[in-house]
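The structure under discussion appears below in the form of structure tokens.
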Amino acid sequence: MNPAERRALVEEEFRQRFGHAPTLWAQAPGRVDLMGNHTDYNEGYVMTMAIDRNTWLAARPRKDRKVAIFSLNVEGGGEFNLDDIRRDEISPWTNYVRGVATVFQDEGFTLHGFDGLVHSTIPFGSGLSSSAGLEVVTATLLKMLADTWHIDPVRLARLCQRAENEFVGMNCGVLDQYSSALGQAGHSLLLDCRELTHRTASIPEGLKVVICDTRIERELTGSEYGERRAQCEEGVQRLAEFYPAATHLRDLSLAQLREHEAALPAVVAKRCRFIIEENQRVLDLGEALSADDRTAIRALTEGSYLGARDLYEIISPATEPMIQAILEAPGTVGARQAGAGFGGCMVAFVEARSAEVFAEFVRTRYQAETTITPEVYPVQAAPGAGPLGFPE
Ligand code: ADP
Ligand code: MG
């Protein structure tokens with residue numbers, strides 16, 4: 001579906017549902033991490049990129065204080081009152097919208113009622129951050145409706161993260177919302193999750209970033225994610241006895257970890273080692289991309305994949321046929337698990353001239369191994385959230 005067809009579809013559905021046309025359009029992109037699994041909550045680094053898969057929100061302001069919200073991707077939806085926002089157990093997906101409204105209102109921002117229809121091309125639960133897309137597009141629309149907000153995109157991202165943490169109840173880091181709010185066309189972002197700043201990096205011209213979606217739904221139950229976080233915290237606490245300035249794994253080097261590894265339970269030591277190494281890989285990937293050093297890109301992605309599998313243990317065995325298919329495919333430079341793990345997508349760097357044969361090979365090989373039809377597609381670095389302009 002091209003943008004014109006997509007717009008026509010959303011506009012038609014909006015008219016049918018609400019009896020009039022939308023007057024405001026906003027978009028917020030999904031994102032893929034090129035390096036940096038689970039480094040965000042350790043206050044480390046991530047190489048992240050907003051992608052050309054995004055969430056649209058078409059809307060029209062209302063005169064009352066109600067929000068009517070529906071989605072072309074999910075059943076359900078309904079109305080809520082901005083003066084009495086409650087959690088919705090029947091259409092839980094609307095809690096992302098309700099949560100954003102709640103948090104911004106609590107922070108003193110003026111909100112206006114609207115009729116809204118969501119449409120997204122970000123797959124759910126694949127590690128490309130459809131939830132952040134929905135939160136950030138909601139905040140962007142609320143800002144457009146009020147026209148009086150003074151808020152920088154970093155704060156907007158943090159408040160969206162808070163909505164997911166506090167209202168939805170998912171204890172995620174800020175990476176997803178930051179990428180969706182601050183993405184830049186043609187660039188990846190090397191994000192410092194402590195300072196909440198980034199510098200841009202370019203993907204070498206001859207390379208494409210290709211998403212290889214295993215179609216194995218990410219089973220990141222709150223418990224696995226929470227357990228990894230707790231193990232990192234335990235590691236820091238114990239190591240802080242030797243290095244009192246350390247508050248997060250970001251503050252520790254591999255040499256420091258090695259020195260006192262014996263003071264940690266074995267599983268905690270493995271988790272810490274992965275995060276410390278992965279942080280360094282993010283910085284090294286920044287160098288490798290600007291030098292167009294394919295040998296380094298390959299080594300770094302391989303290190304990330306193997307660490308995620310053997311140290312952080314976030315690779316579901318069911319997804320291993322995907323990495324095998326990628327590594328055998330023509331044009332592969334390197335690949336790793338994207339997102340938080342336990343299913344979802346791999347991200348590959350592929351020679352641009354081989355992108356099509358690569359995709360065909362991976363589809364065929366993975367399907368033959370697993371009987372699952374994967375989705376394999378190149379992505380471009382896209383701009384962050386904002387009003388959606390249509391050429392008239
Ligand atoms: P991810 O962010 O990796 O895609 P999450 O589990 O964090 O996975 O978020 C997915 C959830 O976000 C969906 O199950 C749904 O509740 C909500 N969501 C995201 N996009 C939309 C959409 N376009 N319409 C309705 N709900 C959505
Ligand atoms: Mg999410």
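The values are calculated or read from the model by the stated rules, or taken from the named source; none is laboratory data. Owing to the predicted nature of the structure, the values given are computational and were not obtained by experimental measurement. Using ideal geometry, Cβ is built from the backbone for each residue, glycine included, and neighbour counts are taken over all protein chains shown. Note: areas computed on protein heavy atoms with side chains; ligands, DNA, RNA excluded. Shrake-Rupley method; radii C 1.70, N 1.55, O 1.52, S 1.80 Å.
Please work out the FRET efficiency for the pair Glu302 and Lys63, using the Cβ-Cβ distance as r and a Förster radius of 51 Å; give the result to the nearest 0.05.
Working: r = 58 Å, r/R0 = 1.14.
With R0 = 51 Å, the Cβ-Cβ based efficiency is 0.30.
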message = If I stretch the segment between Phe124 and Glu224 completely, what's the gain in nm (0.36 nm per residue apart, minus their alpha carbon distance), one decimal?
response = 34.1 nm
key: Distance between modelled label sites at Glu259 and Glu217, nm, 7 Å Cα→Cβ extension   = 4.7
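Of the accessible area of the chain, with the probe set at 1.4 angstrom, what percent is carbon plus sulfur? Provide the component values of the computation, followed by the final result.
On the way: 7720 of 16330 Å².
Reported share for carbon and sulfur atoms: 47 percent.
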ask   = Can you give the Kirkwood hydrodynamic radius for the chain, in Å, rounded to one decimal and based on Cα pairs?
value = 21.6
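Once the piece of chain linking Glu75 and Ala185 is laid out straight, how much longer is it, given 0.36 nm per residue of separation minus the C-alpha distance between them?
Result: 36.4 nm gained on full extension.
So what are the stretch 249-392's ellipsoid semi-axes, whole angstrom, largest first, if each one is the square root of 5 times an eigenvalue of the alpha-carbon gyration tensor?
Working: eigenvalues 183, 87, 51 Å².
Output for the stretch 249-392: semi-axes of 30, 21, 16 Å.
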request  = Only helical DSSP H runs with n ≥ 4 go in: add -39500 (n - 2.57) per run for the chain, normalise by residue count and round the 222 nm mean residue ellipticity to 500 deg cm²/dmol.
outcome  = -13000 deg cm²/dmol
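Relative contact order (percent) for the chain, with alpha-carbon contacts under 8 angstrom and 6 or more residues of separation?
It comes to 23 percent, rounded to a whole number.
With Kirkwood's inverse mean 1/r over C-alpha pairs for Rh, give me the Rg to Rh ratio of the stretch 36-148, two decimals please. Display every interim value, and only then the final one.
Values: Rg = 14.9 Å, Rh = 15.0 Å.
So for the stretch 36-148, dividing Rg by the Kirkwood Rh gives 0.99.
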ask   = What ³J(HN,Hα) values, in whole Hz, does the Karplus curve 6.51 cos²θ - 1.76 cosθ + 1.60 give for the stretch 289-295 when θ = phi - 60°, with x put for Gly and Pro?
value = 5, 6, 8, 6, 9, 5, 4
remark   = Output row, site Asp84, 7 Å Cα→C-beta label point, backbone N cut-off 20 Å, window the stretch 106-125, residues 106, 111-115
query = So what does log10 I(q)/I(0) come out to for the stretch 3-201 at q = 0.12 Å⁻¹, using the Debye formula with one equal point on every Cα and no solvent?
reply = -0.56
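D for the stretch 236-334, whole µm²/s, Stokes-Einstein with Kirkwood Rh over alpha-carbon pairs at 20 °C and 1.002 mPa s: what number?
On the way: Rh = 15.0 Å.
The diffusion coefficient I find is 143 µm²/s.
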query = So how many Å³ per residue does the convex hull of the Cα atoms of the stretch 326-373 work out to?
reply = 74
remark   = Straight-line reach check, Lys270, cutoff 16 Å on alpha carbons, 8 or more apart in-chain or any other chain, hits among aspartates and glutamates -> Glu224, Glu227, Glu233, Glu234, Glu259, Glu261, Glu278, Asp310, Glu313
remark   = Rounded to the nearest 0.05, FRET efficiency between Thr295 and Glu375 (Cβ-Cβ, R0 25 Å) equals 0.30
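Can you give the FRET efficiency for Ala266 and Leu196, using 1/(1 + (r/R0)^6), R0 = 35 Å, r = Cβ-Cβ distance, to the nearest 0.05? Before the final figure, lay out each step's value.
Working: r = 33 Å, r/R0 = 0.95.
Between Ala266 and Leu196 the formula returns 0.55.
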message = Less than 26 Å apart at the alpha-carbon level, and either on another chain or at least 8 residues along: which lysines does that give for Lys63?
response = Lys143
note = Stretched fully, the stretch from Arg15 through Asp52 gains (0.36 nm per residue minus C-alpha distance, one decimal, in nm) 10.7 nm
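Can you work out the accessible area per residue across the chain, with the rest of the protein chains kept in place, probe 1.4 Å, in square angstrom?
On the way: 16330 Å² over 392 residues.
Value returned for the chain: 42 Å² of accessible area per residue.
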request  = Alpha carbons only, please: Rg and Dmax for the stretch 1-102, in angstrom.
outcome  = 16.8, 48
